[in-house]
Amino acid sequence: MSFTPPSPDCPLCPRLADFRAENRIKFPGRHNAPVPSFGALDSEFLVVGLAPGLKGANFSGRPFTGDYAGELLYGTLLKYGFARGSYQARADDGLELINCRITNAVRCVPPQNKPEPLEIKTCGGFLKKEIAAMPRLRVILSLGLISHKAVLAAFGQKASAHIFGHGAVHEMGGVTLVDSYHCSRYNTQTKRLTAGMFENVFEVIKEKINQNDN
Ligand code: URA
């Protein structure tokens with residue numbers, strides 16, 4: 001099954017389209033468009049972030065790339081064998097994902113890094129189709145509550161049946177959703193999320209993927 005991502009000029013969220021138009025003027029030559037997912041559709045593992053950072057993924061055109069949050073995410077993916085190469089915060093750094101794909105709940109950069117509920121719902125249509133186009137998908141890592149809710153919506157699950165929590169594991173008909181606090185600068189600098197806490201979540205994910213291999 002294939003997946004059609006939003007077009008570079010996707011008009012579905014007027015506020016985000018206006019912000020994109022402003023950013024194209026302010027920062028010409030940068031990506032300034034919905035950020036395409038990174039990694040193969042036939043992966044067993046999907047990471048779902050929040051939204052591209054203004055001068056990170058929105059500039060580089062690759063999720064988390066150039067964003068502060070990318071340092072911990074890509075470092076941990078490399079450590080757990082879900083990536084090879086070296087992460088250099090550029091889309092042309094040659095980093096490759098292994099059995100892993102990365103996307104965002106909202107694919108366009110939102111003002112102040114805060115998408116509105118309708119934008120999350122609208123962009124969620126792409127997430128739902130993308131998940132449906134991943135035939136081998138076994139584990140989803142949600143980074144933060146917005147991602148968690150977007151994934152539940154994609155599966156038609158009630159939020160009340162699956163409470164977000166760091167390290168919480170939710171079974172959803174053949175796919176396991178694992179939650180983590182977002183690896184944002186704020187969360188890591190305040191120690192709400194430490195590298196060790198993030199690695200604990202990856203231990204659970206690795207075990208789930210290995211179980212499914214047997
Ligand atoms: N960059 C992304 O692409 N997603 C996030 O959630 C944060 C930074």
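Whole-Hz Karplus ³J(HN,Hα) for region 27-35, in order, using 6.51 cos²θ - 1.76 cosθ + 1.60 and θ = phi - 60°, x for Gly and Pro?
My calculation for region 27-35 gives 10, x, x, 9, 4, 6, 6, x, 8 Hz in order.
Percent of alpha carbon pairs in region 84-123 separated by more than 10 Å?
Working: 591 of 780 pairs.
Cα-Cα pairs of region 84-123 separated by over 10 Å account for 76 percent.
For helix 145-154, what angle does its Cα long axis make with the longest principal axis of the chain, in degrees from 0 to 90 and rounded to 10?
Long axis of 145-154 versus the principal axis of the chain: about 80 degrees.
Please work out whether region 141-214 counts as rounded, prolate or oblate from its C-alpha gyration tensor, where a ≥ b ≥ c are the square roots of the eigenvalues and a/c under 1.5 means rounded, while otherwise a/b larger than b/c means prolate and anything else oblate?
Details: a/c = 2.67, a/b = 1.21, b/c = 2.21.
Oblate.
Which percent, to the nearest 5, of DSSP beta bridges fully inside the chain are antiparallel? Let's see the in-between values first.
On the way: 8 of 22 bridges.
For the chain, the DSSP antiparallel bridge percentage is about 35.
State the number of lysine pairs found in region 82-214 whose Cα atoms come within less than 28 Å, restricting to pairs 8 or more positions apart or on distinct chains.
Step by step, the pairs that qualify in region 82-214 add up to 24.
Region 14-213: D in µm²/s via Stokes-Einstein (Kirkwood Rh, Cα pairs, 4 °C, 1.567 mPa s)? Don't skip to the answer; put the middle values down first.
Working: Rh = 16.8 Å.
The estimated diffusion coefficient comes to 77 µm²/s.
Roughly what % antiparallel, to the nearest 5, for the DSSP beta bridges in region 86-180? Let's see the in-between values first.
Details: 4 of 9 bridges.
Counting DSSP beta bridges with both partners in region 86-180, the antiparallel share is about 45 percent.
Please report the antiparallel percentage of the DSSP beta bridges confined to region 127-214, to the nearest 5. Don't skip to the answer; put the middle values down first.
Details: 4 of 9 bridges.
Taking every DSSP beta bridge within region 127-214, about 45 percent pair in antiparallel fashion.
Only Lys, Arg, Asp and Glu count, each charged at its Cβ (+1, +1, -1, -1), so figure out the dipole size of the chain about its Cα centre, rounded to 20 debye. Walk me through the numbers before you get to the answer.
Values: 25 positive and 19 negative charges, 90 e Å.
Dipole of the chain, to the nearest 20 debye: 440 debye.
Below 8 Å between Cα atoms, with a sequence gap of 6+, how large is the relative contact order for region 14-213 in percent?
Details: 356 pairs, mean separation 45.2, N = 200.
That works out to 23 percent.
Quick one: angle between helix 14-26 and the longest Cα principal axis of the chain, in degrees between 0 and 90, rounded to 10, please.
Compared with the principal axis, the helix lies near 60 degrees.
Could you tally the net charge around E171, taking each other residue with its Cβ under 12 Å from the Cβ of E171, Lys/Arg +1 and Asp/Glu -1? Provide the component values of the computation, followed by the final result.
Numbers: positive: R138, K208; negative: none.
Local charge sum for E171: +2.
For region 122-191 and region 15-61, what is the separation of their Cα centres, given in Å?
Between the Cα centre of region 122-191 and that of region 15-61, the gap is 19 Å.
May I ask for the net charge around C13, where only other residues with Cβ less than 11 Å from the Cβ of C13 are counted and Lys, Arg are +1 while Asp, Glu are -1? Walk me through the numbers before you get to the answer.
Values: positive: R15, R20, R107, K121; negative: D18, E116, E119.
Within the 11 Å Cβ shell, the charges total +1.
Within the P(r) computed for region 22-116, what percentage of the Cα pairs occupies the region above 18 Å? Mind showing how you got there, number by number?
Details: 1814 of 4465 pairs.
That tail contains 41 percent of the Cα-Cα pairs.
Computed from the coordinates by the stated procedures, all read-outs in this text should not be read as laboratory data. Since the model is a prediction, treat every value here as computed from it, not as a measurement. As a convention, Cβ positions derive from the backbone with ideal geometry for all residues, glycine included, and neighbour counts pool all protein chains shown.
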